[in-house]
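The block underneath contains the structure these notes are about, expressed in structure tokens.
Where a number appears in this text, it was derived from the coordinates with a stated rule and is not lab data. Everything numeric in this text was worked out from a predicted model, so none of it was measured. Because the Cβ atoms are built from the backbone with ideal geometry, glycine has one as well, and the counts that use them run over all protein chains shown.
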Amino acid sequence: MIRKTAILCSIVFALILTACGSNSSSNSDSVDNAAAGTNLTAEEELVITATNYSFDQKEYHLKKGVPVKITFKNESGNHGILVPEMKLRLDAKDSSRVILPEEAGTFEVTCAIMCGSGHSEMSAKIIVE
């Protein structure tokens with residue numbers, strides 16, 4: 001009886017390890033990699049810098065139809081940026097990406113990583129004209 005239980009536990013443990021170590025895409029990966037495989041060449045560059053509970057600007061301006069390289073820099077704390085409408089997520093691991101803003105409008109930039117008590121106040125706007 002003990003042997004059967006040990007074998008069953010070993011199988012369950014192996015399945016758990018296999019599931020945790022898989023490289024399958026999740027929903028957050030689809031946001032990060034939405035433009036992967038495109039060969040855009042940036043005509044402009046935008047650097048967004050984060051410090052504890054704020055971005056360096058309240059508004060960032062981009063031109064519709066102009067490819068831009070967006071680079072994220074983190075000066076203090078542990079932060080990232082998330083702009084769901086642009087399918088953009090950057091952090092220390094993936095700190096830059098070239099995007100093509102195809103729609104004019106105002107898009108909210110929020111911190112992508114829970115960074116502490118000021119996290120909910122950490123936001124800015126990207127305005128595509």
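For the reader, a short list of remarks on this structure follows.
- Proximal lysine pairs, segment 46-129, alpha carbons under 19 Å, eight or more residues apart or interchain: 14
- Each of Leu82, Leu40 was scored by other Cβ atoms within 10 Å of its Cβ. Listed from fewest to most, they are Leu40, Leu82.
- Between Met114 and Glu59, the C-beta separation translates, for a Förster distance of 22 Å, into a calculated FRET efficiency of about 0.35.
- Cα-based shape type of segment 26-128, given that a ≥ b ≥ c are square roots of the gyration tensor eigenvalues and the cut on a/c is 1.5: prolate
- Distance between modelled label sites at Ser95 and Glu44, nm, 7 Å Cα→Cβ extension: 2.3
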